[in-house]
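The values are calculated or read from the model by the stated rules, or taken from the named source; none is laboratory data. These numbers come from a predicted model, not from an experiment. Here Cβ is always computed from backbone atoms with ideal geometry, including for glycine, and neighbour counts include all displayed protein chains.
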Ligand SMILES: [Zn+2]
């Protein structure tokens, strides 16, 4: 970023015959528009007067960075990270991007881990909401329901079934996938209610409930479940 050093603000002066006095902060640059008769000193005083506002504007620009993209229900979302004077991190899920606001006090550190943690939290919340509907839908369609299901972070599989307790464990990252993939994975786990392993009967049952299962197995090849 340009030229904010120890409270000295660098700026470009743009003098014009008919110009009013104005300070613009664009892309980290400060441009002063001044009438031709303004002295250098007068401009400097105006800069001094507006110092806090200018620094604030420069800081805002500096702190907006497009961090990465992530998926929700198969749709790409840009992750925008902003540093601001807040007590704890915040996340806003907008129509086409995710905004993460980090407290400015943690700026400059390696924030990747914190951002991943915040995104994980978001996935947990989204999973809680979404899966309730998926289980209900499947229960109405097939009568199948697990004894219980748990959302568990950091497991290597996207979902797994415990045959003894009849519980399903779901990785919140499942929310990156589209709705059909999620439904298929849940359906797959529910077929384990009757079959512990992927035996012939397992696939027969799966096909009855989810005729296109082979297509989805192929799409989801890189996921373990
Ligand atoms: Zn399985």
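Taking the criterion of being assigned to a helix (DSSP H, G or I), within 18 Å of residue 151 (Cβ to Cβ) and more than 12 Å from the ligand (Cβ to nearest atom), the residues of region 174-187 that qualify are 174, 175, 176, 179, 181, 182, 183. Criterion first (on the phi > 0 side of the Ramachandran plot and either away from the ligand (no atom under 16 Å from the Cβ) or not in a loop (DSSP other than H, G, I, E, B) (or both)) does residue 133 satisfy it? So residue 133 fails the test.
Of all the numbered requirements in (1) modelled with pLDDT of 75 or more; (2) on the phi > 0 side of the Ramachandran plot; (3) surrounded by fewer than 11 Cβ atoms within 10 Å (Cβ to Cβ), residue 6 misses one, and that requirement is (1).
With respect to residue 225, is the statement that it is within 16 Å of the ligand (Cβ to nearest atom), in a loop (DSSP other than H, G, I, E, B), farther than 30 Å from residue 99 by Cβ and in contact with a strand residue (DSSP E or B) (Cβ under 6 Å, 6 or more places away or on another chain) true? Against the criterion (within 16 Å of the ligand (Cβ to nearest atom), in a loop (DSSP other than H, G, I, E, B), farther than 30 Å from residue 99 by Cβ and in contact with a strand residue (DSSP E or B) (Cβ under 6 Å, 6 or more places away or on another chain)), residue 225 qualifies. One residue is enough: does region 138-159 have a residue meeting the conditions within 12 Å of the ligand (Cβ to nearest atom) and assigned to a strand (DSSP E or B)? Yes, region 138-159 contains a residue that is within 12 Å of the ligand (Cβ to nearest atom) and assigned to a strand (DSSP E or B).
Scanning region 188-217 for residues that are in contact (Cβ under 8 Å) with a residue 40 or more places away in the chain and more than 13 Å from the ligand (Cβ to nearest atom) gives a single hit, 209.
Report, by residue number, each residue of region 144-187 that is out of contact with any strand residue (DSSP E or B) (no Cβ under 8 Å at 6 or more places or on another chain), free of Cβ contacts under 8 Å to residues at least 40 places away in the same chain and crowded, with 21+ Cβ neighbours inside 10 Å. Result: 184, single match. Restrict the check to region 164-173 and report whether at least one residue is in a helix (DSSP H, G or I) and over 26 Å from residue 75 (Cβ atoms). Checked region 164-173: no residue is in a helix (DSSP H, G or I) and over 26 Å from residue 75 (Cβ atoms).
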